[in-house]
1. Over the C-alpha atoms of the range 27-140, what are the Rg and the largest Cα-to-Cα span, Dmax, in Å?
2. Simple spin-label model, 7 Å along Cα-to-Cβ: residue 143 to residue 122 in nm?
3. Sorted by mean Cβ packing within 10 Å, highest first, what order do the peptides 100-108, 63-71 take?
4. Can you compute the modelled spin-label distance between residue 53 and residue 133, with each label point 7 Å from Cα toward Cβ, in nm?
5. Place a +1 charge on the Cβ of each Lys and Arg in the range 27-140 and a -1 charge on the Cβ of each Asp and Glu, then give the dipole magnitude about the Cα centre in debye, rounded to the nearest 20.
6. Explain nothing, just compute: Karplus ³J(HN,Hα) = 6.51 cos²θ - 1.76 cosθ + 1.60, θ = phi - 60°, for every residue of the range 76-84 in order, whole Hz, x for Gly and Pro.
7. Output the peptides 135-142, 76-83, 50-57 sorted from most to least packed, where packing is the average of other Cβ atoms within 10 Å over each peptide's residues.
8. Across the range 91-99, in residue order, what do the Karplus-derived ³J(HN,Hα) couplings come to in whole Hz, using 6.51 cos²θ - 1.76 cosθ + 1.60 with θ = phi - 60° and x for Gly and Pro?
Amino acid sequence: MVMAAKKGPGPGGGVSGGKAEAEAASEVWCRRVRELGGCSQAGNRHCFECAQRGVTYVDITVGSFVCTTCSGLLRGLNPPHRVKSISMTTFTEPEVVFLQSRGNEVCRKIWLGLFDARTSLVPDSRDPQKVKEFLQEKYEKKRWPDTFPRRLCQL
């Protein structure tokens, strides 16, 4: 006599299928984040904070792509930014959707909307103290944000 297998949440039944599906979905989200930091959006290839080439982290708080040095500086701000490694962590669907809607170009319009390069200087990425001070001005003191970025409505 042949018995029918009881169907569970995953393919082929059983609980382990649900875990396998979750892991597969997580890999899809991680791949999308890597794509966003690579070729799909040119503005994301350079650190949003210091313009250094080769991003390795995402700032989940604002939705930007950053380098290793700036990721540490962002964690030290008040309040600290939530930063995740692109290659060594997992991402949820809401995080990926947020990153897709933001990215470095959109963040630039928001956080540096009123920045004037003639009156303020972007710090040299080789001087961590200057970068830290710049980040404090940008995020803690909110010195340059466009309070109502109308240009975002056009994106």
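All of the numbers you see were taken from the coordinates with simple rules; none came from a lab. Treat the numbers as computed from the prediction; the structure is a model and nothing was measured. Cβ: placed from backbone, ideal geometry, glycine included. Neighbour counts: every protein chain shown.
1. 13.4, 44
2. Here the modelled spin labels are 1.5 nm apart.
3. Working: 100-108: 18.0, 63-71: 23.1.
Final packing ranking: 63-71, 100-108.
4. Output for this residue pair reads 2.9 nm.
5. Working: 16 positive and 13 negative charges, 36 e Å.
Here the size comes out at about 180 debye.
6. Rounded to whole hertz, the list is x, 6, 10, x, x, 7, 8, 10, 10.
7. Details: 135-142: 14.5, 76-83: 13.0, 50-57: 17.1.
In decreasing order of mean packing, 135-142, 76-83, 50-57 become 50-57, 135-142, 76-83.
8. 10, 8, 4, x, 5, 5, 4, 4, 5
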